[in-house]
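Below is one structure, written out as structure tokens; the observations come after it.
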Amino acid sequence: MTENKEATPPAKEPVLSSKDEALLAEGDLVADYLEELLDIADLDGEIEISVSNGRPHVAIDTDDERLVGRNGEVLEALQELARLVVMTETGDRSRLTVDVAGHREKRRAELVAIAKDAIAEVMETGEPVRMAPLNAYERKIVHDEIATAGLTSESEGEPPHRRVVVSK
């Protein structure tokens, strides 16, 4: 006599929208490029691709700080190269982000703390606060934090000396 066992249905894959599929394709393209770059430079790292907030995200998991560079300069260059790869292949600009060893999230936490200090100073003194120069990505994080606090901010100066000014 045979025993009747119910088969467990296979786990369903999440259904991706065509936009998410296109964003993942950008990530795949960049991952291939970065893998080749890592091989040429004889550097170790695992590459992960995801989509977050309508943007492709490529993360390199490595202990090699050379891929971040001083003040994130190498990371920024890698991101620009990655975006150029996508533009060359597709003809479209990409909003892809590249991260190395979680550097961007660590930097985001630092920037939020710096913004909160500036907010507290403006609230205490009523005087505008001029922050240290930041790149465009970092200024966006600071502007968002300041807006959340109900204050105003604007950028002044020319890159690479462009900074955020916080005021009531």
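Taking the criterion of being polar (S, T, N, Q) and surrounded by fewer than 18 Cβ atoms within 10 Å (Cβ to Cβ), the residues of region 114-154 that qualify are Thr125, Asn135, Thr148, Thr152.
Beta carbons closer than 9 Å, at least 6 apart along the sequence or on distinct chains, pair a first residue in region 118-146 that is outside any helix (DSSP H, G or I) with a second that is modelled with pLDDT under 95 and of a type in the set (Asp, Glu) for Asn135/Glu76.
Only one of Ala22, Ala82 is surrounded by 12 or more Cβ atoms within 10 Å (Cβ to Cβ), farther than 30 Å from Val129 by Cα and touching a Leu at 6+ places or on another chain (Cβ under 7 Å). Can you tell me which? Steps first, please.
Details: Ala22 fails: touching a Leu at 6+ places or on another chain (Cβ under 7 Å).
Answer to the check: Ala82.
Considering region 147-164 alone, what residues qualify as being assigned to a strand (DSSP E or B) and either at pLDDT below 95 or in contact with a helix residue (DSSP H, G or I) (Cβ under 9 Å, 6 or more places away or on another chain) (or both)? Thr152, Ser153, Glu154, Ser155, Arg163, Val164, listed by residue number. Taking the condition of being touching a residue at least 24 places away in the same chain (Cβ under 8 Å), not charged (D, E, K, R) and not in a loop (DSSP other than H, G, I, E, B), how many residues in region 96-117 meet it? Count: 8.
If the condition is being open to solvent by 20 Å² or more (accessible area, probe 1.4 Å) and not in a helix (DSSP H, G or I), then region 85-95 contributes Gly91, Asp92, Arg93, Arg95.
One line per residue, one yes/no per condition, for (1) at pLDDT below 90; (2) more than 27 Å from Ala136 (Cβ to Cβ); (3) out of contact with any Phe, Trp or Tyr (no Cβ under 7 Å at 6 or more places or on another chain); (4) in a helix (DSSP H, G or I):
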{"residue": "Lys12", "(1), (2), (3), (4)": "yes, yes, yes, no"}
{"residue": "Ala22", "(1), (2), (3), (4)": "no, no, yes, yes"}
{"residue": "Leu29", "(1), (2), (3), (4)": "no, no, yes, yes"}
{"residue": "Asp44", "(1), (2), (3), (4)": "no, yes, yes, no"}
{"residue": "Glu48", "(1), (2), (3), (4)": "no, no, yes, no"}
{"residue": "Ala59", "(1), (2), (3), (4)": "no, no, yes, no"}
{"residue": "Asp63", "(1), (2), (3), (4)": "no, yes, yes, no"}
{"residue": "Glu76", "(1), (2), (3), (4)": "no, no, yes, yes"}
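Got at least one residue in region 96-110 being over 30 Å from Asp28 (Cβ atoms), open to solvent by less than 60 Å² (accessible area, probe 1.4 Å) and within 21 Å of the chain's Cα centre (by Cα)? So far as region 96-110 goes, no, none of its residues is over 30 Å from Asp28 (Cβ atoms), open to solvent by less than 60 Å² (accessible area, probe 1.4 Å) and within 21 Å of the chain's Cα centre (by Cα).
Taking Val100 as the residue in question, decide whether it is β-branched (Val, Ile, Thr) and touching a Pro at 6+ places or on another chain (Cβ under 9 Å). It is false that Val100 is β-branched (Val, Ile, Thr) and touching a Pro at 6+ places or on another chain (Cβ under 9 Å).
The values are calculated or read from the model by the stated rules, or taken from the named source; none is laboratory data. Bear in mind the structure is a predicted one, so any value in this text is a computation, not a measurement. Methodologically, a virtual Cβ is constructed for each residue, glycine included, from the backbone with ideal geometry; neighbour enumeration extends over all protein chains shown. Quick note on the areas: whole protein, heavy atoms, side chains included, nothing else; ligands and nucleic acids left out. Shrake-Rupley method; radii C 1.70, N 1.55, O 1.52, S 1.80 Å.
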